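A.B. asks: Let me begin by handing over the structure; questions about it come next.
The values are calculated or read from the model by the stated rules, or taken from the named source; none is laboratory data. Since the model is a prediction, treat every value here as computed from it, not as a measurement. Here the Cβ is made from the backbone with ideal geometry for all residues, glycine too, and neighbour counts use every protein chain on show.
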Amino acid sequence: MKTTASIKAAAQAAVERIRRDAAERLTYLVKKITDDDTGILILDRLEKRTFVSIPVTMMGAEDEEPRMIPLPVKRILYDGSVELRDDFDGTIERSFKDIELADVFTILELLESILSQHRQVVKDRNGYFVFD
Amino acid sequence: MTKTASSIKNSLVKAKEKFHKEAAARVEDLVRRIGGKDACCLDVSCVQGGISMNFPTYDVEGDVASRLLPVAMIHDDGVVGAYHRGETVEEDLVNFSDEDVILLLNFLERLCEEAKHGRKVRFDSEYVAKVY
């Protein structure tokens with residue numbers, strides 16, 4: 001019979017393994033789609049936006065629990081970080097490992113569908129890859 | 001070659017299933033250890049410093065919400081019960097977050113240790129063991 005400690009350790013190990021596989025797949029997909037080892041993929045031109053929820057403490061409510069706010073994905077970097085567009089048109093950067101697992105799969109599935117549809121990407125003037 | 005998003009997702013589903021199966025087995029084992037070999041349920045409503053868990057609920061629009069309720073009953077099959085506004089609310093272990101499942105297991109581990117050292121456990125009905 002497994003104890004609580006060993007059940008918890010096994011579950012944590014499984015999640016870590018899944019996150020590592022997901023991060024490797026993200027890097028692979030971005031490189032494959034952009035055909036570049038330093039590719040940065042811009043998602044702003046996609047018809048349907050993809051959202052990632054991050055914890056945000058509302059102004060003036062610092063003593064309250066942060067709320068999960070969905071923000072649109074702006075760019076995906078080959079190193080596994082994701083940039084989100086905030087309310088003021090700025091950018092919030094999050095490492096792939098800090099994103100909720102449900103959102104990790106949303107991003108991966110989006111990239112898988114882009115790859116399977118053979119969507120064309122082109123470099124913009126800043127050297128980023130955008131959808132043609 | 002990296003794993004695809006769908007195969008990583010499959011791994012996650014399998015890991016979750018394994019986690020819940022192991023957790024349910026441990027709950028059953030701990031209920032018996034605390035309440036005796038015939039116990040099918042623990043009434044923990046009288047335990048000082050009990051725990052509260054997030055019970056998933058649905059509002060009128062069908063959106064999932066959750067309410068934090070103090071745990072009152074723990075069944076050997078992994079169903080957890082609470083009293084809320086005069087009603088008994090019950091939920092299966094699989095519908096709680098991983099954190100709440102670990103919280104419940106740690107609570108039972110603590111009760112088990114304390115039961116060995118004199119915490120009172122009495123059968124109020126045929127199979128329900130009341131923990132004081």
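A.B. asks: Is one or more of the residues making up the stretch B:65-72 loosely packed, with under 11 Cβ neighbours inside 10 Å, of a type in the set (D, E, K, R) and in contact with a strand residue (DSSP E or B) (Cβ under 6 Å, 6 or more places away or on another chain)?
C.D. replies: Taking every residue of the stretch B:65-72 in turn, none turns out to be loosely packed, with under 11 Cβ neighbours inside 10 Å, of a type in the set (D, E, K, R) and in contact with a strand residue (DSSP E or B) (Cβ under 6 Å, 6 or more places away or on another chain).
A.B. asks: Consider the stretch B:1-40. How many of its residues are basic (K, R), buried (at least 21 other Cβ atoms within 10 Å of the Cβ) and more than 10 Å from chain A (Cβ to nearest Cβ)?
C.D. replies: The number of residues fulfilling the criteria is 0.
Residue-by-condition table, conditions (1) more than 24 Å from B:I102 (Cα to Cα); (2) part of a strand (DSSP E or B); (3) of a type in the set (V, I, T):
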| site | (1), (2), (3) |
| --- | --- |
| A:K2 | no, no, no |
| A:I7 | no, no, yes |
| A:A14 | no, no, no |
| A:K31 | yes, no, no |
| A:D44 | yes, no, no |
| A:K48 | yes, no, no |
| A:D79 | yes, no, no |
| A:V82 | yes, yes, yes |
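A.B. asks: Tell me, which residue of the stretch A:63-84 that is within 12 Å of the chain's Cα centre (by Cα) and basic (K, R) is nearest to A:K32 (Cα to Cα)?
C.D. replies: By that ranking, first place goes to A:R75.
A.B. asks: Would it be correct to say that B:T57 is among the hydroxyl-bearing types (S, T, Y), touching a Leu at 6+ places or on another chain (Cβ under 9 Å) and more than 23 Å from A:I7 (Cα to Cα)?
C.D. replies: Values: among the hydroxyl-bearing types (S, T, Y): yes; touching a Leu at 6+ places or on another chain (Cβ under 9 Å): no; more than 23 Å from A:I7 (Cα to Cα): yes.
Against the criterion (among the hydroxyl-bearing types (S, T, Y), touching a Leu at 6+ places or on another chain (Cβ under 9 Å) and more than 23 Å from A:I7 (Cα to Cα)), B:T57 does not qualify.
A.B. asks: Yes or no: the stretch A:52-60 includes at least one residue that is surrounded by fewer than 18 Cβ atoms within 10 Å (Cβ to Cβ), touching a Ser or Thr at 6+ places or on another chain (Cβ under 9 Å) and in a strand (DSSP E or B).
C.D. replies: No, the conditions are met nowhere in the stretch A:52-60.
A.B. asks: Go over the candidates B:C112, B:C46 one by one and state the one that is within 14 Å of chain A (Cβ to nearest Cβ) and more than 13 Å from the chain's Cα centre (by Cα).
C.D. replies: Working: B:C46 fails: within 14 Å of chain A (Cβ to nearest Cβ).
Checking each option against the conditions leaves just B:C112.
A.B. asks: Give A:I92, A:I114 a once-over and let me know the one that is outside any loop (DSSP other than H, G, I, E, B), within 14 Å of chain B (Cβ to nearest Cβ) and either polar (S, T, N, Q) or within 21 Å of A:L26 (Cα to Cα) (or both).
C.D. replies: A:I114
A.B. asks: In the stretch B:83-106, what count of residues is obtained for those that are closer than 22 Å to B:V121 by Cβ and at pLDDT 95 or above?
C.D. replies: 4
A.B. asks: Still on this model: Only residues in the stretch A:97-113 that are closer than 11 Å to A:A22 by Cβ count as the first member; pair them with residues that are of a type in the set (K, R) and in a helix (DSSP H, G or I), Cβ under 7 angstrom, at least 6 apart or cross-chain, and list the lot.
C.D. replies: A:K97/A:R19; A:F105/B:K9; A:L108/A:R25
A.B. asks: Can I ask one more? Mind listing just one residue for me: the one in the stretch A:2-26 that is within 12 Å of the chain's Cα centre (by Cα) and within 8 Å of chain B (Cβ to nearest Cβ) and, of those, farthest from B:K21 (Cα to Cα)?
C.D. replies: A:R25
A.B. asks: Which of the residues that make up the stretch B:91-106 are acidic (D, E) and free of Cβ contacts under 8 Å to residues at least 12 places away in the same chain?
C.D. replies: Within the stretch B:91-106, the subset acidic (D, E) is B:91-92, B:98-100.
Within the stretch B:91-106, B:E99 is the sole residue that qualifies.
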